[in-house]
């Protein structure tokens, strides 16, 4: 689609416009990261949190990169699973996230995000394939950012799990150099947890958790606790405080449904980049409704010339 000069002018005016308004508490979707070494119960804890948030196992989807380990907990309820196999590229994660969104899931668990960083086909492997130089991150970082933005802008509540590894410090004293243990690091790009609403660490095999970052104020500075569905219910109550995040949501959905052809749908999509992520599933659904199916055996679509 080619935009006219007037359309481009309109878009520029929308982007440049600034509004001074009172701060209002809005409802939000959860972004929570749950990290620990292997075997401390990340997957189990994430499922309990998810059920506490939605109260319906059918509305929970796990993107499983851990050899179907989530299926070990199928006795908890009839949650959904997308098995993600190598290569663990950002684009394959994004495709799985879109699949969950388009099927109406309310809570998405990505178990785990470690593979997009250091797994087969992950970002570290990709950067090394380019030469492993610092400047090669100029190509790898945008892929990471696209993956991260997909999580942050999802219309679902999102819980991610992340492995931890032993960190070390190299200390030089005079002519001697020694290596000392320095706690545990998340196996994902530095700074990831700062994008989250809550970051929880499972500290031992008794499934005790503590908050390392908490915008809700529910867990920070509190004693360690065992994750239960009640923990998820507390978080859900916090997320639902205030007015709906997109007050015009019903109106915008009606505008999508009112599109009578692909041209008008594409125009609506282009003119509203601020809604492209949140309404991706609705745009996709309407596109499929407007796109006639090819006549069986011919490959011919009624919209083709």
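The values are calculated or read from the model by the stated rules, or taken from the named source; none is laboratory data. Values in this document were obtained by computation on a predicted structure and should not be read as measured data. Glycine gets a Cβ as well: all are built from the backbone with ideal geometry, and neighbour counts include every protein chain shown.
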Discussion item. In contact with a helix residue (DSSP H, G or I) (Cβ under 6 Å, 6 or more places away or on another chain) and either at pLDDT 95 or above or under 29 Å from residue 281 (Cα atoms) (or both): is that true of residue 143 in this structure?
Written reply: yes
Worksheet item: Of the residues 36, 6, which is at pLDDT below 95 and touching a strand residue (DSSP E or B) at 6+ places or on another chain (Cβ under 8 Å)?
Response: 36
Worksheet item: Restricting the search to the range 192-242, which residues are surrounded by 17 or more Cβ atoms within 10 Å (Cβ to Cβ) and assigned to a loop (DSSP other than H, G, I, E, B)?
Response: 196, 197, 207, 216, 219, 227
Worksheet item: Among the listed residues 85, 123, which satisfies the condition of being buried (at least 22 other Cβ atoms within 10 Å of the Cβ) and either farther than 26 Å from residue 53 by Cβ or assigned by TED's automatic domain parsing to the domain that holds residue 282 (or both)?
Response: 123
Worksheet item: Using beta carbons and a limit of 7 Å, which pairs, at least six apart or on different chains, have the first residue in the range 23-47 and free of Cβ contacts under 8 Å to residues at least 12 places away in the same chain and in the same structural domain as residue 75 (by TED's automatic domain parsing) and the second one outside any strand (DSSP E or B) and surrounded by fewer than 21 Cβ atoms within 10 Å (Cβ to Cβ)?
Response: none
Item to complete: Taking the residues in the range 58-69 that are touching a helix residue (DSSP H, G or I) at 6+ places or on another chain (Cβ under 9 Å) and either modelled with pLDDT of 95 or more or not assigned by TED's automatic domain parsing to the domain that holds residue 42 (or both) as candidates, determine which candidate is surrounded by the most Cβ atoms within 10 Å (Cβ to Cβ).
Response: 62
Item to complete: Of the conditions (1) at pLDDT 85 or above; (2) not assigned by TED's automatic domain parsing to the domain that holds residue 40, residue 279 clears all except one; give me its number.
Response: (1)
